[in-house]
Amino acid sequence: MKVGFIGLGNMGGPMARNLATAGHEVSGFDVAAPDVEGVTPALSAAEAARDADVVITMLPNGSILRSVADQVIPAMKPGAVLCDCSTVDVDSARAVAEQAGAAGLGALDAPVSGGVGGAAAGTLTFMVGGTAEAFAKVKPLFDIMGQKAVHCGDSGAGQAAKICNNMILGVTMIATCEAFALADKLGLDRQKMFDVVSTSSGYSWSMNAYCPAPGVGPVSPADNGYRPGFAAELMLKDLRLSQQAADSADADTPMGELATRLYTEFVEREDGKGRDFSAMLPRLAARGRPAGTA
Ligand code: NAD
């Protein structure tokens, strides 16, 4: 297939390289003009998109996606599919899909989980919103860049799945960290805490697969000085998107709101920026009970 790839950063670069290595003809554009093995550099987003069967975008946020969509949609050939793999707000995903549809194009929102390691290894999971026809067309590319692609529903459903998943992740990570901090103060050994909770009803991915306590459970960023992994500021981005979506859908998400507030404090007013999101454990362990807590 001819593929246009726009946004060749930490995630997009290795994803585009994997498509080229698999034999697809990839034309790439990024404002930072990085060199990506096997990818032919284009002079603009529109040039990368012209003649492509599928245009993939991997960009920082919804407003940049909207501006790139304005550039590429008029350049794309009829019947081609615009597939956005960035994590953006549901409203931007739906607006871009509508704009593409009006121009006679297919459109998918296909955010990923798996991080930079998954992008490099081609083991990402794609959560996809859009028509079955567009999904079928792009599926062979998902199969190269990832190990799983779930068609979640109509436009916006992929972004909805992504932010609901990551809202659970943020909330369970905080709950796991505060339980470790409480266990410390109760004199309970962290290894014993892990042994019990990881096989009891408090288990979760945060405890069992990504334990925030150093030296306990499987190897995780906690064992590497809390270097990311999944940076606290990326967790905050996804939590904010969950709250933006909850506002526009009139959904009550009290735990998601509190998790957003805690990660905002951690990233913007404390030392959380550049640290893994599981560094919430040393943060909480260092604190006492706030005055006036019921
Ligand atoms: P990044 O900042 O490394 O890459 C984004 C790229 O987009 C940059 O290279 C930038 O130069 C380019 N760009 C910005 N504006 C542009 C424009 N107008 N035209 C063309 N290129 C432009 O970010 P990343 O880590 O690769 O993340 C990309 C997306 O994937 C984000 O939406 C992020 O939330 C999501 N994501 C990231 C991870 C992760 O672990 N890094 C995991 C899952 C999802």
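The values are calculated or read from the model by the stated rules, or taken from the named source; none is laboratory data. The structure displayed is predicted, hence computed values, not measured ones. Positions of Cβ are backbone-derived with ideal geometry, glycine not excepted, and every protein chain shown enters the neighbour counts. Surface areas here come from the heavy atoms of the whole protein model, side chains and all, with no ligands, DNA or RNA. Shrake-Rupley method; radii C 1.70, N 1.55, O 1.52, S 1.80 Å.
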**Asked** Where the only charges are on Cβ atoms (+1 Lys, Arg; -1 Asp, Glu), what is the dipole of the range 160-286 about its Cα centre, to the nearest 20 debye?
**Response** 260
**Fill in**
For Gly146, other-chain or 5+-apart residues with amide H closer than 5 Å (H placed, Pro excluded) are Leu124
**Fill in**
Among beta bridges assigned by DSSP with both residues in the chain, the antiparallel ones amount in percent, to the nearest 5, to 15
**Fill in**
Site Lys273, offset 7 angstrom along Cα→Cβ, radius 20 Å on amide nitrogen, limited to the range 2-17, gives 10
**Complete:** Bounding extents of the range 2-153 in its principal axis frame from Cα atoms, largest first in Å, are 34, 33, 26
**Request:** Have a look at Gly256, Gly156, Gly23 and tell me which one the Gaussian network model of the chain (Cα, springs below 10 Å) gives the largest fluctuation.
**Result:** Gly23
**Request:** Please return the longest stretch of the chain lacking exposed loop sites, where GluC sites (Glu not before Pro) count only if DSSP places them in a loop and at most 16 other Cβ atoms lie within 10 Å.
**Result:** 38-269
**Request:** Subtracting the Cα-Cα distance from 0.36 nm times the residue separation, let me have the gained length for Ser201 to Lys2 in nm, one decimal.
**Result:** 66.8 nm
**Prompt:** Using +1 on the beta carbon of Lys and Arg, -1 on that of Asp and Glu, and nothing else charged, what's the dipole of the chain about the Cα centre, debye to 20?
**Reply:** 540
**Message:** Full-extension gain between Glu265 and Asp154, please, as 0.36 nm times their residue separation minus the C-alpha to C-alpha distance.
**Reply:** 36.5 nm
**Kirkwood-type radius of the chain, with distances r between different C-alpha atoms, in Å** = 20.1
**Prompt:** When only alpha-carbon atoms count, how far does the range 113-159 stretch along each of its three principal axes, as whole angstroms with the largest first?
**Reply:** 28, 20, 10
**Request:** Report His24's accessible area, 1.4 Å probe, all protein chains in place, as a number in Å² to the nearest 10.
**Result:** 40
**Message:** Can you list the DSSP H helices in the chain whose Cα atoms extend at least 27 Å along the helix axis and whose mean Kyte-Doolittle hydropathy is -1.0 or higher?
**Reply:** 157-185
**Message:** If you scale each eigenvalue of the Cα gyration tensor by 5 and take the root, what three semi-axes come out for the range 160-286, rounded to whole angstrom and sorted largest first?
**Reply:** 25, 16, 13
**Message:** Please compute the modelled spin-label separation between Asn10 and Asp143, points set 7 Å along Cα→Cβ, answer in nm with one decimal.
**Reply:** 3.1
**Message:** Please report the antiparallel percentage of the DSSP beta bridges confined to the range 2-153, to the nearest 5.
**Reply:** 15
**Message:** Suppose we look only past 19 Å in the calculated P(r) of the range 79-182. What percent of the Cα-Cα pairs does that tail hold?
**Reply:** 45
**Complete:** In nanometres, the difference between 0.36 nm per residue of separation and the alpha-carbon distance of Gln99 and Leu43 is 17.8 nm
**Prompt:** Which of Pro214, Pro254, Pro14 moves most in a GNM of the chain, Cα contacts under 10 Å?
**Reply:** Pro254
**Request:** Could you state the accessible area per residue of the chain in Å², with a 1.4 Å probe and every protein chain left in place?
**Result:** 46
**Fill in**
Out of Gln71, Gln159, Gln243, a Gaussian network model of the chain with alpha-carbon springs under 10 Å gives the largest mean-square fluctuation to Gln71
